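*Asks:* Sharing a structure here in C-alpha cells format.
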Amino acid sequence: KNGFLVRKVHADIDGKRTPRGKRGWKSFNAILKGLVLYLQKGDYQPNKQLTDEDLKNAVSLHHALAMKAADYSKRPHVFYLRTADWRVFLFQAPNAEQMQSWITRINTV
Ligand code: I3P
C-alpha cells in the first residue's frame, strides 16, 4: 500500500515527548512494504531509491499499533501510530477511507 500522509512526531523512543521545533506536520509519500512503513519526501515515483533521510524516517511496524486519534480535533482523518519502542506519531490521511485503510493495514502486517 502507498499514499499521501502528513506526519507529526509526538513522542520519541520510550514515549519521551518530542521537543518543540520537531513537532511540526510534514508531508510524505508513505509506502508500506513488509513490516516497514517508508516515508519519502517529494513526488511519488514507483521504486524510487531510498535516501539516507528516507531510511531515518522509516518506521518498523513490528508490534506497532495504529488507532484513530479520537482525542485530536485540530485536523480531520488523523490516526496515532505507537511503535514497539514507544514512539508516537500522528498521521493525517487525505480522507476517512484512507485513514481506515492505513489503520487496518498497519494492524494486520
Ligand atoms: C509545533 C507545530 C505543530 C503543533 C505543535 C508545535 O511547533 O506548530 O503544528 O502541533 O504543538 O509544537 P514546531 O514545528 O516548532 O515543532 P499541532 O498542529 O497539533 O497544534 P504541540 O507542541 O502542542 O504539539
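*Asks:* Taking just the alpha carbons, could you work out the radius of gyration and Dmax for the chain, both in angstroms?
*Replies:* 12.9, 36
*Asks:* Any chance you could run the full-extension gain for Asn47 through Ser60? It's 0.36 nm times the residue separation minus the Cα-Cα distance, nm to one decimal. Provide the component values of the computation, followed by the final result.
*Replies:* Details: separation 13, 0.36 × 13 = 4.68 nm, distance 1.92 nm.
Difference between extended and current length: 2.8 nm.
*Asks:* By its C-alpha gyration tensor, with a ≥ b ≥ c as the square roots of the eigenvalues, how is the range 65-109 shaped: rounded for a/c under 1.5, else prolate for a/b larger than b/c, else oblate? Don't jump to the answer; show the numbers that get you there.
*Replies:* Numbers: a/c = 2.49, a/b = 1.22, b/c = 2.03.
Because a/c hits 1.5 or more and a/b fails to exceed b/c, the range 65-109 counts as oblate.
*Asks:* Kindly identify the range 37-90 as rounded, prolate or oblate by the Cα gyration tensor criterion: order the square roots of the eigenvalues as a ≥ b ≥ c, call it rounded if a/c is under 1.5, otherwise compare a/b with b/c, prolate if a/b is larger, else oblate. Present the calculation step by step, with values, prior to reporting the outcome.
*Replies:* Working: a/c = 2.72, a/b = 1.52, b/c = 1.80.
Oblate is the answer for the range 37-90, as a/c is 1.5 or above yet b/c matches or exceeds a/b.
*Asks:* Using the per-residue mean of other Cβ atoms lying within 10 Å as a proxy for protection, in what order, highest first, do the peptides 75-82, 14-21 fall?
*Replies:* Descending packing order for the listed peptides: 75-82, 14-21.
*Asks:* Next question, about the same structure. If you average the C-alpha positions of the range 81-108 and of the range 40-55 separately, how far apart do those two centres end up, in angstrom?
*Replies:* Cα centroid of the range 81-108 versus Cα centroid of the range 40-55: 19 Å apart.
*Asks:* Provide the per residue accessible area, probe 1.4 Å, for the chain, rounded to a whole number of square angstrom.
*Replies:* 62
*Asks:* Provide the net charge surrounding Leu65, with neighbours chosen by a C-beta distance below 15 Å and charges set as Lys +1, Arg +1, Asp -1, Glu -1.
*Replies:* Computed value for this residue: +3.
*Asks:* Any idea how far apart Val36 and Arg105 come out in nm if each label point goes 7 Å out from Cα toward Cβ?
*Replies:* That separation, rounded to one decimal, is 1.6 nm.
The values are calculated or read from the model by the stated rules, or taken from the named source; none is laboratory data. Note that the coordinates shown come from a computational prediction; the quantities given were computed from them, not determined experimentally. Don't worry about glycine lacking a Cβ; one is built from the backbone with ideal geometry, like all the others, and counts go over all protein chains shown. Ligands, DNA and RNA are excluded from the accessible area calculation, which covers all protein heavy atoms including side chains. Shrake-Rupley method; radii C 1.70, N 1.55, O 1.52, S 1.80 Å.
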